Amino acid sequence: MKLPSFQDGRVVVKVGDITQEAVDAVVNAANGSLLGGGGVDGAIHRAGGPAILEECKDIRSTRYPDGLPTGGAVLTTAGRMPARHVIHTVGPVYGSGGADKAEKLADCYRNSLALAAEAGLATVAFPAISTGIFGYPMDEAAAVSSRAIQDALRSNLSIREVRLVFFLPRDAEVFVSHQAFATGPQQTDGDSTP
Ligand code: ADP
């Protein structure tokens with residue numbers, strides 16, 4: 001399947017390992033403790049090395065002694081990864097999340113992109129927040145995240161590229177089928193003539 005782009009090419013879908021993306025910031029699906037975890041979180045800390053955890057600990061003790069709230073986002077170094085920074089955001093847990101879990105998931109995307117824009121960053125790669133250990137179904141998450149990204153791109157014009165990185169090809173396909181961007185997909189390879 002050819003993966004499309006959206007929003008006039010500002011949103012790109014790809015399959016890969018987010019720790020390898022050379023962007024201004026990769027987003028981490030963190031937990032509120034900011035002290036590391038499994039999934040993307042573990043992969044990012046392993047790939048980036050101890051400098052990330054050092055900065056997370058510092059942010060914890062100075063700004064978020066009770067942990068980063070769900071939907072919040074903070075910026076650290078990316079250590080040894082090709083990216084320049086990591087934006088850590090905490091997604092909602094699907095099973096125990098209340099009626100506002102879609103709003104919390106949207107907050108992750110909106111706050112991460114607002115933080116990136118504030119820091120003068122133009123290219124940001126996201127994993128599919130909450131769709132792993134936190135159990136958010138990919139199809140539901142696709143609709144929520146695409147709407148949130150669309151909103152954020154409207155208010156943060158300096159963001160040039162949002163790269164959505166899926167570990168599994170199947171997840172990228174489910175995202176593409178269920179995304180809710182206002183305009184339809186455009187093929188990235190210029191091969192979209194009817
Ligand atoms: P959460 O706790 O928010 O659910 P996870 O890290 O468990 O976060 O998973 C989020 C999504 O990231 C899942 O869809 C998972 O398949 C995917 N994922 C896991 N490792 C990577 C990686 N290295 N690069 C990109 N996506 C990844």
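Quick note: the coordinates plus some simple rules give every number you see, no bench work behind them. Quick caveat, the model's predicted, so the values are computed rather than measured. Neighbour counts are summed over all protein chains in view; Cβ atoms, including those assigned to glycine, are modelled from backbone coordinates with ideal geometry.
For K101, the conditions (1) surrounded by 14 or more Cβ atoms within 10 Å (Cβ to Cβ); (2) more than 28 Å from M138 (Cα to Cα); (3) charged (D, E, K, R) are fulfilled apart from (2). Annotation: of all residues in segment 38-47 being buried (at least 18 other Cβ atoms within 10 Å of the Cβ) and under 23 Å from P69 (Cβ atoms), the one that is farthest from the ligand (Cβ to nearest atom) is H45. In segment 41-68, the qualifying residues are those that are of a type in the set (K, R) and assigned to a helix (DSSP H, G or I), and the one that is nearest to Q20 (Cα to Cα) is R46. Counting only residues that are of a type in the set (V, I, T) and buried (at least 19 other Cβ atoms within 10 Å of the Cβ), which one in segment 72-98 is farthest from the chain's Cα centre (by Cα)? Restricting to residues being of a type in the set (V, I, T) and buried (at least 19 other Cβ atoms within 10 Å of the Cβ), the top hit is T76.
Is at least one residue of segment 30-52 in contact with a Leu (Cβ under 8 Å, 6 or more places away or on another chain) and touching a residue at least 60 places away in the same chain (Cβ under 8 Å)? Yes, that holds for at least one residue. Within segment 55-71, is there a residue that is among the aromatic types (F, W, Y) and touching a strand residue (DSSP E or B) at 6+ places or on another chain (Cβ under 8 Å)? For segment 55-71, residues among the aromatic types (F, W, Y) and touching a strand residue (DSSP E or B) at 6+ places or on another chain (Cβ under 8 Å): present. The residues listed here are K57, K2; of these, the one that is away from the ligand (no atom under 12 Å from the Cβ), among the charged types (D, E, K, R) and more than 24 Å from F134 (Cβ to Cβ) is K2.
The rows are residues; the columns are (1) more than 9 Å from the ligand (Cβ to nearest atom); (2) more than 22 Å from E140 (Cα to Cα); (3) in contact (Cβ under 8 Å) with a residue 40 or more places away in the chain; (4) out of contact with any Leu (no Cβ under 7 Å at 6 or more places or on another chain).
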| site | (1), (2), (3), (4) |
| --- | --- |
| I18 | no, no, yes, yes |
| N28 | no, no, yes, yes |
| R80 | yes, yes, no, yes |
| A83 | yes, yes, yes, yes |
| H88 | yes, no, yes, no |
| S96 | yes, no, no, yes |
